[in-house]
């Protein structure tokens, strides 16, 4: 039971008697009431959730007042894909970005000068 051996359960029982003494039946009763109330609350919550889900499902399946009608199956739409396919096939690819140019020595020296770093000599 609960993954505890009989010896461990006996030790827990002795500790409970030592801690609670004559109040042990009252404590056990209040713990039992608390657990049953918790279960009842969880059942109520599950019932409310299921009811709300059923209502939402029913509302989704019910046609809206004033609607033209419901489709009995997939809509039969006539569409010529050839025009859109040729337009897609003849589209020019987007121009690629040019690689960023490497900074020149003068720009690096200017940045170093502004940041207060000593200028490096080329060579």
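So the values come out like this:
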read-out	value
Test: residue in the range 27-43 that is surrounded by 10 or more Cβ atoms within 10 Å (Cβ to Cβ) and at pLDDT below 90	yes
Some residue of the range 91-100 being in a helix (DSSP H, G or I) and either at pLDDT 60 or above or loosely packed, with under 10 Cβ neighbours inside 10 Å (or both)	no
Pair list, Cβ under 7 Å, 6 or more apart: the range 44-67 residue at negative phi and surrounded by 10 or more Cβ atoms within 10 Å (Cβ to Cβ), other residue in a helix (DSSP H, G or I) and at pLDDT 95 or above	none
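The values are calculated or read from the model by the stated rules, or taken from the named source; none is laboratory data. Treat the numbers as computed from the prediction; the structure is a model and nothing was measured. Ideal geometry is used to build each Cβ from the backbone, glycine not excepted, and the neighbour counts take in all protein chains shown.
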